[in-house]
Amino acid sequence: MPNPAPATPLVVVLAYDGLCTFEFGCAAEVFGLPRPEMGEGWYRFAVAAIEPGPLRATGGLRVEADGGMDLLAQAGTIVVPGWRGVEAPVPEPLCAALRAAHAAGARILSLCSGAFVLAAAGLLKGRRATTHWRYADRLVARFPGLRFVPDVLYVDEGSVLTAAGSAAGLDLCLHLVRRDFGPAAANRVARRLVLPAHRQGGQAQYVERPVPGAITADARIAPLLDRVRAALDQPWPIARL
């Protein structure tokens, strides 16, 4: 079943003291840059502070927001960057504002540990969701009512979407562009980002694991394939391979 775009193009990204700068930047880069080539219907962008300032961000930055949580009631899409700490409590006024916005039709996206905010608001109960592999056990233990999906870059549950690790936030944001405006638009945004429009694979490829000491079949066959590709005009019978 298709997921219709929201009635309003306003994308609101949360800002808070201890803001995760990279995840915030992912949302700002995709939704917040002027893109006249996309026409009149492109997203509008605003930043909502969930608490009084000054708001400090990772890297020694200070953030001055466009407004407060009243902006959430105007949003068609709300983005929750990685939360300031997986053990940090989520303010109940924020949870209530997210629930109200979602009930009014807004889509809610979380990037990385932002899933803890959605879960605290009750928006992941009974839904599939993901987060960074480092936080998976804690998310499942604290919120057993959600259906955790481990080895993916993002999960789309229609009006609630969650991304895995930090850079997977870009994958999810591009996915939403693809959903709203089609693959050609997502490709144009990805090209400007110098990023694949659709990245294959899941989180497992990024989890640290022991490197095999012995030469594996994959290690032997990869150089062979390189040689074949470099000389496709030559015959490659089995004996030569």
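With N set to the number of residues, divide the alpha-carbon radius of gyration of the chain by 2.2 N^0.38 Å and report two decimals. Compactness ratio reported: 1.18.
Take the solvent-accessible surface of the protein heavy atoms, probe 1.4 Å, and return the percent of it on the stretch 91-200 that carbon and sulfur atoms account for.
About 56 percent, which is the carbon plus sulfur part of the accessible surface.
For Gly67, the residues 5 or more places off, or on other chains, whose built amide H falls under 5 Å of its own are Val47, Ala49.
Residues in the stretch 84-92 carry Karplus couplings, in order, of 5, x, 5, 9, 6, x, 9, x, 4 Hz; the curve used is 6.51 cos²θ - 1.76 cosθ + 1.60 with θ = phi - 60°, and Gly or Pro positions show x. Taking every C-alpha pair closer than 8 Å and separated by at least 6 residues, the mean separation divided by the residue count of the chain gives a relative contact order of 16 percent.
Using the heavy atoms of the protein chains and a 1.4 angstrom probe, tell me the accessible area per residue for the stretch 34-90 in square angstrom. Ligands and nucleic acids excluded, the figure is 53 Å² per residue. I'd like the antiparallel share, as a percent to the nearest 5, of DSSP beta bridges with both residues in the stretch 10-114. Taking every DSSP beta bridge with both residues in the stretch 10-114, the antiparallel ones total about 15 percent. With each label modelled as a point 7 angstrom along the Cα→C-beta vector, the Ala230-Arg35 pair spans 4.0 nm.
Based on C-alpha pairs under 8 angstrom that are at least 6 apart in sequence, the stretch 1-126 has a relative contact order of 29 percent.
In the calculated pair-distance distribution of the stretch 41-157, the portion above 20 angstrom amounts to 42 percent of the Cα-Cα pairs. Taken about its Cα centre, the chain carries a charge dipole of about 600 debye when Lys and Arg each add +1 at the Cβ and Asp and Glu each add -1 at the Cβ.
Taking amide H as placed 1.01 Å from N in the peptide plane, Arg44 has its amide H under 5 Å from the amide H of Leu10, Val11, each at least 5 places away in sequence or on another chain.
The values are calculated or read from the model by the stated rules, or taken from the named source; none is laboratory data. Everything numeric here is computed off the predicted structure, so don't read it as measured data. FYI the Cβ positions are ideal-geometry reconstructions off the backbone, even for glycines, and counts take in every protein chain you see. Note: accessible area is taken over every heavy atom of the protein model, side chains too, but ligands, DNA and RNA are not part of it. Shrake-Rupley method; radii C 1.70, N 1.55, O 1.52, S 1.80 Å.
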